Structures are given as C-alpha cells and as structure tokens.
1. Within the bounds of region 87-96, is there any residue that is of a type outside the set (A, V, I, L, M), assigned to a strand (DSSP E or B) and surrounded by 15 or more Cβ atoms within 10 Å (Cβ to Cβ)?
2. Tell me whether region 192-214 contains one or more residues that are among the basic types (Lys, Arg) and in contact with an Asp or Glu (Cβ under 8 Å, 6 or more places away or on another chain).
3. Taking the condition of being within 14 Å of Lys166 (Cα to Cα) and either in the same structural domain as Tyr132 (by TED's automatic domain parsing) or free of Cβ contacts under 8 Å to residues at least 60 places away in the same chain (or both), how many residues in region 230-247 meet it?
Amino acid sequence: MVVSGYDIQSDYRNARSLIGLVPQELMLEPFETVMGTVSLSRGLFGKAPNPCYIRGLLMRLSLWDKRDSPIRELSGGMKRRVLIAKALSHEPKILFLDEPTAGVDVDLRRDMWRLVKDLQRDGVTVVLTTHYIEEAEEIADRIAVINEGQILLVEDKSLLMKRLGKKRLLIELPEPIESVPGPLTDLGIRLHAEGRRLGYTYDMGAEQTGIPEILEALKAEGIKFNDVRTEQSSLEDIFIDLVAEES
C-alpha cells in the first residue's frame, strides 16, 4: 500500500508522517498537561516546534484555557478534544477519525463538524467512521455504507442522495377522511395522521413526479386541502433501506 507515493512498509516514516489518527478510546497520559501532550506528539513525528500553530490548534478546539491543566483533571469531552489536537499536531495530510464524537456533548460535535470542514478546505483528506448518520450527511463528500463488516457501496454523497433518495408529498386536509378514493389510490396516495393527511412518495431523480396528476385528481374528487409540502429522505433513511435489502 502507498500513501502519497510512500510505501507504508519500506518508507514507513514518511508515510506515517502524513497520517493523523483519532482513536475511539481515550488513551492519554493522565499527569501530562494539555500543552505538553500536544507538543510532544508533534515532536515524535520529527516536526520542529511551532508554538503559533499549536496555539491556534488549541484555540480552535477550545483548549487554550486548559493548556496547563493535567489531563486527569479534564472532562471526557475535553479529553476527546486533546486526542484531536494530538492527531493534528504534526499537520497531517490524511486524518482518520474513529467515531470522534461518540458519547460527547452537542457543542463538541458541532465544533468537530466545523473543524473537519476547515480541514477539508485546507486540502486534508478526512476518513470518518461514525454511527451518527446525520454527522456523515453533514460533513462527508463520499459515503461508504458498511453492514456487518461488508461494504455495500461507496459513492459520492450528492449522487447517492439523488439516486436512492425519495421525496414525500404531504397534503394536509381541513377535515379527516375515512378512506382514499380509488383514483387517488391508483396514483399511490396513502392516508396518514388519522385521516388528516395524504402522503405520496416519489423518486427524486424521476422526470415525471406524478404531482400534477395528483392535484388534478384531488380537484376531480372534490377533496380540499390546507397545505401542500414536501419532505426529502435523509441519508439515514437511505442507510436503513440499504441494510434492510441485505438482510
């Protein structure tokens, strides 16, 4: 295997210097300070000291005020931030994140998303494993769906959403109805919300959505409505459908 032209076995040091890793486990020296931990990690990769870079990194991760604190005094969320700072200390070009936001608070998760987007803009390749599907949908460019150790697909996120995504047309009724008239049933309309809503699912990439025909049928059947809106399926919906197909 080669990383940016460097063989990971015969040219291990150069290959490894390009890679940063944030493990899922919180493995840190409890009696070392935040600044000492991150600075030492940079030195282990043979990088010259760069206080300005380390300062900026700690500030981006909201760790600057904790720079002199021993690791043992930090909360779990702060320790997670230190792991990220360690992984970025040597300015890697490829960053592996193994469920970096597992069990952390919302603030850290949002900070992590912003940091990943900044790294992407800086040209860093980020490989993220996560069980939070909304996280992948928010920050990923390409998606790999894995089920029981098997890769089901690897695809550009936008193309995947367009190819497998669905849209739902939701029609809110002023009064509930007991059943859907035959012509509307034939068009794929289903009844929801105790008869107060009609729903219709269609492919996002389809040239003909069927919506004009549905509106005409509603008019012909004398069914009035208060509101019409659409919902787009999320990446989580697509993931669930893919896994269900393989089961």
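The values are calculated or read from the model by the stated rules, or taken from the named source; none is laboratory data. What you see is a predicted model, and the numbers here were worked out from it, not measured in a lab. Don't worry about glycine lacking a Cβ; one is built from the backbone with ideal geometry, like all the others, and counts go over all protein chains shown.
1. Yes; the residues of region 87-96 include at least one that is of a type outside the set (A, V, I, L, M), assigned to a strand (DSSP E or B) and surrounded by 15 or more Cβ atoms within 10 Å (Cβ to Cβ).
2. yes
3. Number satisfying all stated conditions: 1.
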